[in-house]
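The values are calculated or read from the model by the stated rules, or taken from the named source; none is laboratory data. A quick note: this is a predicted structure, and the numbers were derived from the prediction, not measured. No Cβ is skipped: glycine too gets one built from the backbone with ideal geometry, and neighbour counts run over all protein chains shown. What goes into the accessible areas is simple: the full protein's heavy atoms, side chains included, and nothing from ligands, DNA or RNA. Shrake-Rupley method; radii C 1.70, N 1.55, O 1.52, S 1.80 Å.
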Amino acid sequence: HRQRLGKWAMSIIQIINALPILKKTLVISVLIQVMTATAFWLCLQSVKVDMSWWLLTALCGGVFLSGILPAALGGFGARELGAVAFITPFGFPKEGVLAGSVLFGLTATIQGVMGLWLWFKARGDRG
């Protein structure tokens with residue numbers, strides 16, 4: 001038991017030592033989560049799924065964790081299933097939720113392609 005306690009204590013010490021880094025990244029992380037939830041909320045609003053931003057933000061964790069399942073390409077399929085599973089029990093139409101989730105995936109894919117192009121362009125300028 002002492003060895004386990006020692007490993008646990010060392011883990012706590014490592015977390016405490018990492019706090020300055022965690023403090024620096026916390027604001028950026030929260031901002032990214034808020035912006036991602038807002039983008040998803042706007043996609044749902046555009047297909048007439050009228051839900052509060054706060055409710056969607058509370059459900060986004062489950063929806064986005066569903067999207068990282070390894071069976072999905074770019075999150076498509078798994079994220080939509082997660083969106084339907086987490087959002088429709090609150091009375092929202094599954095068709096609208098599915099359409100909003102697909103729209104969100106497409107906008108994220110387009111952003112990724114644009115970012116990749118900019119990344120390649122910046123690398124080309126260097127050398």
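Rolling a 1.4 Å sphere over the protein heavy atoms, what is the accessible area per residue of the chain, to the nearest Å²?
73 Å²
Based on DSSP H assignment, which helices of the chain show an axial Cα extent of at least 20 Å together with a mean Kyte-Doolittle hydropathy greater than or equal to 0.0?
Span-like helices here: 2-46, 94-126.
Using mean Cβ contacts within 10 Å as the protection proxy, how do 12-19, 98-105 order, highest first?
98-105, 12-19
Compute the separation of the alpha-carbon centres of the stretch 89-127 and the stretch 5-44 and state it in Å as a whole number.
23 Å
For the chain, with all protein chains present and a 1.4 Å probe, just round the carbon and sulfur fraction of the accessible area to a whole percent.
Values: 6710 of 9310 Å².
Taking all protein chains in place, the chain shows 72 percent carbon and sulfur surface.
Can you pull the Kirkwood radius for the chain, inverse mean 1/r over Cα pairs, to one decimal in Å?
Final number for the Kirkwood radius of the chain is 17.2 Å.
Can you compute the modelled spin-label distance between ALA85 and LYS23, with each label point 7 Å from Cα toward Cβ, in nm?
Reported label-point gap for ALA85 and LYS23 is 3.9 nm.
What shape does the stretch 75-127 take by its C-alpha gyration tensor, where a ≥ b ≥ c are the square roots of the eigenvalues and a/c under 1.5 counts as rounded, a/b above b/c as prolate, and the rest as oblate?
prolate
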